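Notes for the one structure printed next.
The values are calculated or read from the model by the stated rules, or taken from the named source; none is laboratory data. Model, not experiment: these values are computed from the prediction. Cβ: placed from backbone, ideal geometry, glycine included. Neighbour counts: every protein chain shown. Note: accessible area is taken over every heavy atom of the protein model, side chains too, but ligands, DNA and RNA are not part of it. Shrake-Rupley method; radii C 1.70, N 1.55, O 1.52, S 1.80 Å.
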Amino acid sequence: KQWYQRRVAITAGGSPPKIPPNSTLEFEVEMHDFFGDDCSDDGGVSKNTTKEGSGLSNPREGSTVSVSWSMKHLDRDLETRSVKFILGDGAGEGVVPGVEKALLKMKKGESANVTVKSPYAYGDVGDAKLAVPGGADLVYNLTLEDFEQAKYKYEMSNAEKIEFAEKAKELGTEYFKAGKFDLALKKYKVITEYLEPEAEDFDDMPDSDDEDKDGEAEKSEEKDPEHERKSQLLQVASYSNQALCLLKLQDGINAFKACESALKLDPKNIKALFRRGQSAEMSQEWEDAIGHFKAVLEEDPKNTAAASKIKFCRNKVMSFKQAQKKKYANMFERTNFKEPEPIKDENKVKPDFSDDEEGEAIGSDEEKPQEMEV
């Protein structure tokens, strides 16, 4: 805690009755805590600048950044490091999410003390190699040495978009093989965001006198058949791989949507057809899954995996029907339901419809029908 004193003159009239006229006041202020710039919008990452940077721009996701830091937990220095990586892909270089969030708010040459709370650092698990205990909040003395700004989508030529998408696919595959399915999913989504024509975001585009010319140039590029072919292949692979990642993350609903997106571009894509069946299977839509796996066999009759899945789903349907039958059978047993037995009336005389002199049916003497009691 720190104490601050300041002599402050107020108006000549004072503030009666407690403050007389022409008084000089002395305040004692205690600072309980100090919060810097909130880089995560929830207080999980805060930044206090110790050295101002230069320029007007901050690096955005996809930029190549060169950074250095010293990291500590409480009073223990745990790591000193310099690294160059693509912002947004820091996990592959051992950079915690909190550091990446802080870098998005920094300028070239800026240094800052960055407090990173556990969820944005190493979580409840910690890091044994760095001796970071689980649940630890960390403090980084972070410097953004330099960065190469990433291009916006509208700034890229068609060739640059294809190159960007191919690199994203390679990195996504590396993440997937390493079991980092959430990071792989993120990279695969970037591909479709950059290659889908309808995904253009013009809000970030600056006004330009050459806007019409640039638009005409872009339209002419979009008509390039080779670009369209490569773009479609990458988009289909991206959607299909998104589905695979989502299946690994136990999200069958969104995996199904990703498969549908892939099949809009390539209705006969075997992987998308098969993963659509897996998505329905994960949601326990057994009969739908059978239909989707049959669609695989229509395109590839020798696909043993699809045939095996059909057999598995049919067994699930049969088991479900048997379980339902047993359930309702037990329900009737618990209610002791029995068919009602007919009531016998031994005193009832069968009517005789033979003719007699008075034309009345033979029965009990002067017998008249009884009215129903209310």
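Condition test on residue 68, is it in contact with a Ser or Thr (Cβ under 6 Å, 6 or more places away or on another chain) and either without any contact (Cβ under 8 Å) to a residue 24 or more places away in the chain or surrounded by fewer than 17 Cβ atoms within 10 Å (Cβ to Cβ) (or both)?
Working: in contact with a Ser or Thr (Cβ under 6 Å, 6 or more places away or on another chain): yes; either without any contact (Cβ under 8 Å) to a residue 24 or more places away in the chain or surrounded by fewer than 17 Cβ atoms within 10 Å (Cβ to Cβ) (or both): yes.
Yes, satisfied.
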Margin query: So residue 120 ticks every box in (1) out of contact with any Pro (no Cβ under 6 Å at 6 or more places or on another chain); (2) modelled with pLDDT of 95 or more but one. Which box is left unticked?
Written below: (1)
Next item on the list: Would you be able to tell me the number of residues in segment 4-50 that are modelled with pLDDT under 80 and on the phi > 0 side of the Ramachandran plot?
Entry: 2
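Is it the case, given these coordinates, that residue 104 is within 26 Å of residue 174 (Cα to Cα), in contact with a helix residue (DSSP H, G or I) (Cβ under 8 Å, 6 or more places away or on another chain) and hydrophobic (A, V, I, L, M, F, W, C)? If you could, list the steps in order and put the result at the bottom.
Details: within 26 Å of residue 174 (Cα to Cα): yes; in contact with a helix residue (DSSP H, G or I) (Cβ under 8 Å, 6 or more places away or on another chain): no; hydrophobic (A, V, I, L, M, F, W, C): yes.
When the stated conditions are applied, residue 104 does not pass them.
Condition (residue is within 17 Å of residue 65 (Cα to Cα), in contact with a strand residue (DSSP E or B) (Cβ under 6 Å, 6 or more places away or on another chain) and open to solvent by less than 70 Å² (accessible area, probe 1.4 Å)) applied to segment 120-136: is it met by at least one residue?
Step one: list which residues in segment 120-136 are within 17 Å of residue 65 (Cα to Cα), which gives none.
For segment 120-136, residues within 17 Å of residue 65 (Cα to Cα), in contact with a strand residue (DSSP E or B) (Cβ under 6 Å, 6 or more places away or on another chain) and open to solvent by less than 70 Å² (accessible area, probe 1.4 Å): absent.
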Notebook entry, point to check: Any idea which residue in segment 257-273 is least open to solvent (accessible area, probe 1.4 Å), counting only those that are farther than 15 Å from residue 232 by Cα and touching an Asp or Glu at 6+ places or on another chain (Cβ under 9 Å)?
Noted result: 273
Check: If you go through segment 86-95 one residue at a time, do you hit one that is open to solvent by 20 Å² or more (accessible area, probe 1.4 Å), without any contact (Cβ under 8 Å) to a residue 12 or more places away in the chain, closer than 19 Å to residue 175 by Cβ and of a type in the set (D, E, K, R)?
Finding: yes
Next item on the list: Count, please, the residues in segment 265-296 that happen to be basic (Lys, Arg), closer than 12 Å to residue 240 by Cβ and out of contact with any Ser or Thr (no Cβ under 9 Å at 6 or more places or on another chain).
Entry: 1
Note to self: What's the number of the only condition in (1) within 19 Å of residue 49 (Cβ to Cβ); (2) open to solvent by less than 60 Å² (accessible area, probe 1.4 Å) that residue 83 fails to meet?
What the structure shows: (1)
Check: From the residues in segment 137-162 that are open to solvent by 50 Å² or more (accessible area, probe 1.4 Å), charged (D, E, K, R) and within 30 Å of the chain's Cα centre (by Cα), which one is nearest to residue 57 (Cα to Cα)?
Finding: 148
